[in-house]
Structures are given as C-alpha cells and as structure tokens.
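Trainee: This is the structure I have questions about; it appears just below.
Any read-out appearing in this document is the output of simple, stated calculations on the displayed coordinates, not a laboratory observation. Worth saying up front: this structure is predicted, and the values here are computed from it rather than measured. Neighbour counts run over all protein chains shown; Cβ positions are idealised from the backbone, glycine included.
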Amino acid sequence: MQIFRTRLYKTQLLKILTHIAKDKVGASETFYTELDKQINNLIYSPFKCRQSFYSNDENVRDMIFMKYTIQFKVYEKKISILKIFNKNKPKEDKNIGTP
C-alpha cells in the first residue's frame with residue numbers, strides 16, 4: 001500500500017509549518033517529523049482511525065495529531081492524505097442535547 005499526499009494537504013501543511021516556525025523553527029521541524037511518522041504508520045492499520053465526521057464515506061477517516069485533524073481516504077491499494085486542519089471536533093448541532 002502506498003501513501004499519496006494531495007496538493008491541498010501539502011499547501012495546508014506548509015501554512016501550518018510556517019506559522020509554527022514563526023515562534024520556533026525547531027518546533028516546526030519536530031511537528032513535521034512526528035506527523036510524517038504517524039502518516040506513514042497508516043499503512044499498517046488505516047481503519048484504526050475514526051470515520052470522518054466531515055464525510056459520509058466510510059473509507060474517509062480522521063486522524064488526530066496534536067490539535068489537528070488529518071483527513072484521509074483508504075482505497076484498495078493506496079491511502080490518499082486529503083487535508084489537514086485545526087479542528088478535532090465537528091461543529092455541534094445546537095438542537096442536539098438541549099433541554
């Protein structure tokens with residue numbers, strides 16, 4: 001199984017890394033290295049991550065890394081990393097659980 005990173009993911013990641021590097025370059029490098037390890041480990045068990053809150057497709061999954069959500073899709077012979085964003089919870093419906 002191979003892992004492919006979409007252009008959108010790469011663009012979003014670059015913005016995040018640039019933002020982190022403004023405070024600490026080393027933190028940005030560590031973030032990138034650790035994130036890359038986590039993504040590469042998806043090959044062994046891609047369905048260990050939850051089904052995405054943002055998609056009805058059961059093959060689209062959300063991996064949480066620090067405070068970021070990495071959305072990816074599992075295909076038969078590849079994993080496509082779709083995007084990364086700074087949310088780990090979906091928007092809550094105001095009507096659910098309200099007395």
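Trainee: Hey, rough spin-label estimate for residue 48 and residue 65, points 7 angstrom out along Cα→Cβ, what's it come to in nanometres?
Mentor: Modelled inter-label distance: 1.4 nm.
Trainee: Still on this structure, please answer the following. Within the set 24/78; 10/48; 22/83; 15/37; 22/78, which residue pairs have Cα atoms separated by over 30 Å?
Mentor: Over 30 Å Cα-Cα: 24/78; 22/78.
Trainee: What 222 nm value per residue comes from the helices of the chain, counting each DSSP H run with n ≥ 4 as -39,500 (n - 2.57) and dividing by all residues, nearest 500 deg cm²/dmol?
Mentor: -11000 deg cm²/dmol
Trainee: Multiply the residue separation of residue 38 and residue 3 by 0.36 nm, subtract the distance between their alpha-carbon atoms, and state the gained length in nm to one decimal.
Mentor: That pair, residue 38 and residue 3, stretches by 11.4 nm at full extension.
Trainee: Rounded if a/c is under 1.5, else prolate if a/b beats b/c, else oblate: with a ≥ b ≥ c from the C-alpha gyration tensor eigenvalues square-rooted, which is the chain?
Mentor: Oblate, since a/c reaches 1.5 and b/c is not below a/b.
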